[in-house]
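A short write-up of the structure that comes next.
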Amino acid sequence: MTHVAMMPARRWTSAIVVLALSAGLSVADPINPADVYVIDGDTIRVADRTVRLVGFDPPELGSRADCGLERMLATRATSRLRQLVRTGAISI
């Protein structure tokens with residue numbers, strides 16, 4: 001399992017671009033960070049579509065977690081993705 005906090009921002013940006021394309025956004029459309037809702041460490045909602053990041057396997061949140069440590073790490077992964085989205089470095 002990859003620890004999200006250690007992942008380079010470049011990889012996250014690339015993944016967000018890929019998922020935006022898969023969400024059906026046109027290639028010329030910038031993505032406003034305010035329009036991106038982070039659901040968990042590998043899932044966002046953009047343009048009324050829920051999209052999972054490909055190639056990421058963050059810890060699970062809530063009842064899907066195996067233990068308290070996994071829930072804590074999942075919260076950190078979600079927080080980190082929110083930080084990356086807020087930077088505004090998301091474009092296609």
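Return the residues of the range 59-92 that are out of contact with any strand residue (DSSP E or B) (no Cβ under 7 Å at 6 or more places or on another chain), farther than 21 Å from residue 30 by Cβ and outside any helix (DSSP H, G or I); say none if nothing qualifies.
Residues satisfying the conditions are 59, 60, 65, 66, 67.
Every residue in the range 41-58 that is assigned to a loop (DSSP other than H, G, I, E, B) and either at pLDDT 90 or above or at negative phi (or both), please. It would help to see each step written out before you state the result.
In the first step, residues of the range 41-58 are kept if they are assigned to a loop (DSSP other than H, G, I, E, B); the result is 41-42, 47-48, 53-58.
Within the range 41-58, 41, 42, 53, 54, 56, 57, 58 meet the criteria.
What about residue 9, is it among the aliphatic types (A, V, I, L, M) and modelled with pLDDT under 90? Give the steps one after another, and end with the answer.
Working: among the aliphatic types (A, V, I, L, M): yes; modelled with pLDDT under 90: yes.
When the stated conditions are applied, residue 9 passes them.
Among all residue pairs at least 6 apart or on different chains, which show Cβ distances below 8 Å where the first residue, located in the range 59-74, is buried (at least 16 other Cβ atoms within 10 Å of the Cβ) and the second is of a type in the set (S, T, N, Q) and part of a helix (DSSP H, G or I)?
61/75; 61/78
Taking the condition modelled with pLDDT of 90 or more and under 16 Å from residue 87 (Cα atoms), does residue 38 pass? Show your work before the answer.
Numbers: modelled with pLDDT of 90 or more: yes; under 16 Å from residue 87 (Cα atoms): yes.
Taking the combined requirement at face value, the residue satisfies it.
The values are calculated or read from the model by the stated rules, or taken from the named source; none is laboratory data. It should be emphasised that the depicted structure is a prediction, and the values quoted were computed from it without experimental measurement. Counting neighbours? That spans all protein chains shown, and the Cβs are built from the backbone with ideal geometry, glycine included.
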